[in-house]
Amino acid sequence: MTTAFASPSTYVQGKNLLDHAAEYIKPYGDHGLLLTDNNVWNLLGEKFYNTLNQDGLKIEHVEFNGESSPEEIARIQTIGEQSDAKFIIALGGGKTNDTTKAVGDQLKIPVVIAPTLASNDSPCTRLSVIYSENGEFLKYMFYDKNPDLVLVDTSVIAGAPVRFLIDGIADALSTNVEAQTIARARTTTLLPLKTQQTQAGLALAEKCEALLFQYTDAAVATAKARMVTPALDHIIEANILLSGVGAESSGLAAAHSFQNGLTALTGDVHKLTHGQKVAFGTLVNLVLEGASDERLTKYLKFEVDLGLPTTLRDLHLENASNADLMKVAELTTQTGETIHNMGFAVTADDVFQAIKAVDAFSRTYQGLA
């Protein structure tokens, strides 16, 4: 058995961290690129840019056009080549992070990620989701290493709308559910090395879940008040570091495949975020593995309390036909999907039955049946 574990070289988290970020960046060189979109630039990017330059770094600001596309990656790569950039910094959300990782990989320079949201675990992973210029999914890009430095300013995260934190919690909740599935099945992880779990990766996934159940209520209340407390610190770490490293080094199963399967349909379901779709997928994963009433209720209650989707109505699919749901199930089980890491054969009909079962269980639990 060959196992592998991957993580960022350095992860730093703290309040007002961007005010003295230069001390962490200087080991990578004295000049580089700062990639932000226009909104982030106006909110805090310009201040961050000025701080870095005042602290002795020579930073070139590059405005991100909004899509992690091959064309955008090539454009920024050219700018980096012309300026002989020694590093590249992302300040923003998931697509900014993904584009920065791709450019850093092409230029073979260090990558620094400074996320402005805790809505996903992209800051810590060694992959990017690549889209066309029109926003259509194209492919995943995998890299030889994870980001060199991740700087998480908790005051920035606390200043964002709380819905983004809840999205990250929803995504992080799937981490240990899928990791335990992989552990039982002894199948491969998300790393492009075709290796199995280390105990370290599994332990991080378990810790991620433990923090979510211990601190979510206090963290969400704190974020609504735009304050920073130890509870919020714990949830930010769970959403970004533990979820990212835990998922990558422990593997994905049915929860994320279901999220991908929803692309078989059009309509309002796609107004939901990645985390919201994965939340329902986590329950599908549990049903498929035969979770007990007690275990299934534990996760269902957690999601209901956060206002996450647990019924077909929540997914805007209350009027979806059985044929439509079967399309989702068929795409969920297409060749290459991570649902095939479950350790047993999963058919489209199995997924169809699980989708309907989650809906029925949730409606009964909430008194809606």
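If you count the DSSP beta bridges with both ends in the chain, what percent of them are antiparallel, to the nearest 5? Close to 20 percent. Charge dipole of the chain (Cα centre as origin; +1 on each Lys and Arg Cβ, -1 on each Asp and Glu Cβ, all else neutral): 460 debye, rounded to the nearest 20. With R₀ set to 35 Å, the beta-carbon distance separating T2 from D84 gives a calculated FRET efficiency near 0.35. Extension gain for Y140 to Q353 (0.36 nm times residue separation, less C-alpha to C-alpha distance): 73.8 nm. Classified by the C-alpha gyration tensor, segment 1-152 has a rounded form. Its axis ratio a/c, with a ≥ b ≥ c, is below 1.5. Computed over the chain, the per-residue total of -39500 (n - 2.57) for DSSP H runs of n ≥ 4 gives a 222 nm mean residue ellipticity of -15000 deg cm²/dmol, rounded to 500. Once you order the gyration tensor axes a ≥ b ≥ c over the Cα atoms, which shape class does segment 274-324 get: rounded for a/c under 1.5, otherwise prolate or oblate by comparing a/b with b/c? In terms of gyration-tensor shape, oblate.
What pairs in K86/K194; K95/K277; K145/K194; K95/K271; K224/K356; K277/K327 have C-alpha atoms more than 24 Å from each other? Among K86/K194; K95/K277; K145/K194; K95/K271; K224/K356; K277/K327, the Cα-Cα distance tops 24 Å for K86/K194; K224/K356. How many percent of the alpha carbon pairs in segment 116-272 exceed a separation of 24 Å? Summing the P(r) tail past 24 Å for segment 116-272 gives 36 percent.
Accessible surface ranking for M141, M227, M342, 1.4 angstrom probe, highest first: M227, M141, M342. Charged neighbours of F344, selected by a Cβ distance under 11 Å, balance to -1 (K, R count +1; D, E count -1).
Does segment 114-166 come out rounded, prolate or oblate by the C-alpha gyration tensor, with a ≥ b ≥ c the root eigenvalues, rounded set by a/c under 1.5 and, if not, prolate when a/b is larger than b/c and oblate if not? In terms of gyration-tensor shape, oblate. Computed over neighbours whose Cβ is under 14 Å from that of T2, the net charge equals +2, Lys and Arg +1, Asp and Glu -1. Residues R184, R126, ordered by accessible area of protein heavy atoms at a 1.4 angstrom probe radius and largest first, appear as R184, R126.
Compute the Rg/Rh shape ratio of segment 16-95: radius of gyration over Kirkwood radius, all on alpha-carbon atoms. Here the Rg-to-Rh quotient is 0.95. Given a Förster distance of 22 Å, report the FRET efficiency between Q366 and Q334 from their Cβ-Cβ distance, rounded to the nearest 0.05. So, using R0 = 22 Å, E works out to roughly 0.10.
Build a GNM of the chain with springs between Cα atoms under 10 Å apart, and of A102, A357, A279 the one that fluctuates most is A357. Measuring nothing but protein heavy atoms, the accessible surface of the chain at 1.4 Å probe radius is 49 percent carbon and sulfur.
Calculated FRET efficiency, D324 to Y24, Cβ-Cβ distance, R0 = 56 Å: about 0.70 to the nearest 0.05. Considering only K15, K301, K108, the mean-square fluctuation computed in a Gaussian network model of the chain, springs between alpha carbons under 10 angstrom, is largest for K108. Highest mobility in the GNM of the chain, judged by mean-square fluctuation with C-alpha springs under 10 Å and restricted to L138, L52, L315, is found for L138. If the viscosity is 1.567 mPa s and the temperature 4 °C, what Stokes-Einstein diffusion coefficient in µm²/s follows for the chain when Rh is the Kirkwood radius over Cα pairs? So the translational diffusion coefficient is about 62 µm²/s. Counting charges near L317 (Lys, Arg +1; Asp, Glu -1) among other residues having Cβ under 10 Å from its Cβ returns a value of -4.
The values are calculated or read from the model by the stated rules, or taken from the named source; none is laboratory data. Please read all numbers here as calculations on a predicted model, not as lab measurements. When we count neighbours, we look across all protein chains shown, and the Cβ atoms used for this are built from the backbone with ideal geometry, even at glycine. The accessibility values were calculated without ligands, DNA or RNA, using every heavy atom of the protein model including side chains. Shrake-Rupley method; radii C 1.70, N 1.55, O 1.52, S 1.80 Å.
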